[in-house]
Amino acid sequence: MQPSERAPLGILGGTFDPIHNGHLRLAEEAVTQLGLGRIRLIPAGRPAHRGAPGASAAQRLDMVQLAAAENPRLEVDAAEVLSEAPSYTVPTLERLRAELGDARQLVLLLGADAFAGLPSWHRWTTLFELAHIAVATRPGHTLELAALSPALAEQCRQRESAADALQARPHGCIVRFPITALDISATAIRTLCARRESPRYLLPEGVVDYIAQHGLYLEPEENAF
Ligand code: ATP
């Protein structure tokens, strides 16, 4: 077994509509700052918390695979995309536990905005029995306990730890880590594409080419002719 297969596994879920350099830089800095071996990218099939994505699940998976092909630390998990069921994180983590065993450290990576929304997630307190949570402080989204729901702030008070705690046990800690501010969002990329402006340098070149080849995110009326 490679050392990277024993070290904590990072998990980065998202709509990835499309995947961009903000996601990839988050993964890269999480590896270094948190001592992760690899990161598993899990595109949501039918995201439970938002409207229908602009690209199909298969296209979002293709784009994640193109991005991951450039980095041996990244692996892609297609299970949510292949499932008919809505995508929820707790069942996904239960599946990973069944696959990887009880001893492996699993670290769910979240931006601070996603973390603040945790109490609306299905069975959210069960997350801590399955994984650690590492919160990346993303530009414009700080993590003030006073701004969190009381239940989530209480979880932070009980569980917040330094990064080395992630190595010591398989689940249950909350760790914060600052990342380089890259003010990139999939929404802004979709808006650029809709206006036929270039999203180049905001996401991997192969993904830019894929979006152009498949005519993704164009305004419907411009697409009609
Ligand atoms: P959208 O604009 O469509 O809402 P998004 O760019 O926020 O999408 P998601 O797929 O919803 O991307 O995000 C997946 C995860 O990546 C979330 O935890 C989110 O906080 C994090 N994330 C997204 N963009 C960045 C960024 N620029 N820097 C750091 N983390 C990010």
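The values are calculated or read from the model by the stated rules, or taken from the named source; none is laboratory data. Bear in mind the structure is a predicted one, so any value in this text is a computation, not a measurement. Don't worry about glycine lacking a Cβ; one is built from the backbone with ideal geometry, like all the others, and counts go over all protein chains shown. When the accessible area is computed, the model is the full protein with side chains, heavy atoms only, and any ligands, DNA or RNA have been set aside. Shrake-Rupley method; radii C 1.70, N 1.55, O 1.52, S 1.80 Å.
Our estimate of slack between Ala146 and Thr125, defined as 0.36 nm per intervening residue step minus the Cα-Cα distance, is 5.6 nm. Look at where the Cα atoms of the stretch 162-196 and of the stretch 112-131 average out, and the two centres are 15 Å apart. Put Tyr217, Tyr201 in order of accessible area, highest first, and with a 1.4 Å probe you get Tyr201, Tyr217. Kirkwood radius and radius of gyration were both taken over the C-alpha atoms of the chain, and their ratio Rg/Rh is 0.96. Rounded to the nearest 20, the size of the Cβ-charge dipole of the stretch 3-182 about its Cα centre is 160 debye, with Lys and Arg at +1 and Asp and Glu at -1.
Peptides 78-90, 146-158, 23-35 ranked from most to least packed, by the mean per-residue count of other Cβ atoms within 10 Å: 23-35, 78-90, 146-158.
Computed over protein heavy atoms with a 1.4 angstrom probe, the accessible surface ordering of Arg176, Arg40, Arg46, largest first, is Arg46, Arg176, Arg40. What is the spin-label model distance, in nm, from Phe177 to Gln158 if the labels are put 7 Å beyond Cα along the C-beta direction? With each label placed 7 Å out from Cα toward Cβ, I get 2.5 nm. Which of the three applies to the stretch 30-150, rounded, prolate or oblate, going by the alpha-carbon gyration tensor with a ≥ b ≥ c and a/c under 1.5 meaning rounded? Rounded shape, in that the Cα axes give a/c under 1.5.
Surface exposure of the chain, expressed per residue as accessible area with a 1.4 Å probe, stands at 48 Å². Normalised by the number of residues in the chain, the mean separation of alpha-carbon contacts (under 8 Å, six or more apart) gives a relative contact order of 23 percent.
Relative contact order for the stretch 52-174: 25 percent, from Cα pairs under 8 Å spaced at least 6 residues apart, divided by residue count.
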